[in-house]
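The values are calculated or read from the model by the stated rules, or taken from the named source; none is laboratory data. All values derive from a computational prediction rather than experimental measurement. Cβ sites come from the backbone with ideal geometry, for glycine too, and all protein chains shown count toward neighbours.
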Amino acid sequence: MGNIGPTEMLIFLAILLLIFGAAKLPKLARSMGQAGKEFKAGLKEGYQAEDVEGPCPFCGNEIGADAKFCPGCGKPANEVVAEKEKKKTA
Ligand SMILES: [Zn+2]
């Protein structure tokens, strides 16, 4: 314990600065931005997956939760969701 001098302390501080200052702050900011984006995308996906599942409003075919198109009439999932929303509010 007795052989830690000012040079060792400076190296230690430089390493700390490198880890927490120069390297971590931009990474932290980036990962926080990404997390926010992914969170929003996940919410959107979850909403769509929930709404597209069930009978197709155009042809009555059963659509899976993660389907991108109706297996019966080939309508894209977002059109199916939009049509369902229209019928819900009508
Ligand atoms: Zn359909």
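Considering only the range 53-73, state which residues are within 29 Å of the chain's Cα centre (by Cα) and in a loop (DSSP other than H, G, I, E, B). Residues satisfying the conditions are GLU53, CYS56, PRO57, GLY64, ALA65, ASP66, ALA67, LYS68, CYS70, PRO71.
Do we find a residue being surrounded by 14 or more Cβ atoms within 10 Å (Cβ to Cβ), of a type in the set (Val, Ile, Thr), modelled with pLDDT under 90 and within 14 Å of the ligand (Cβ to nearest atom) anywhere in the range 53-75? For the range 53-75, residues surrounded by 14 or more Cβ atoms within 10 Å (Cβ to Cβ), of a type in the set (Val, Ile, Thr), modelled with pLDDT under 90 and within 14 Å of the ligand (Cβ to nearest atom): absent.
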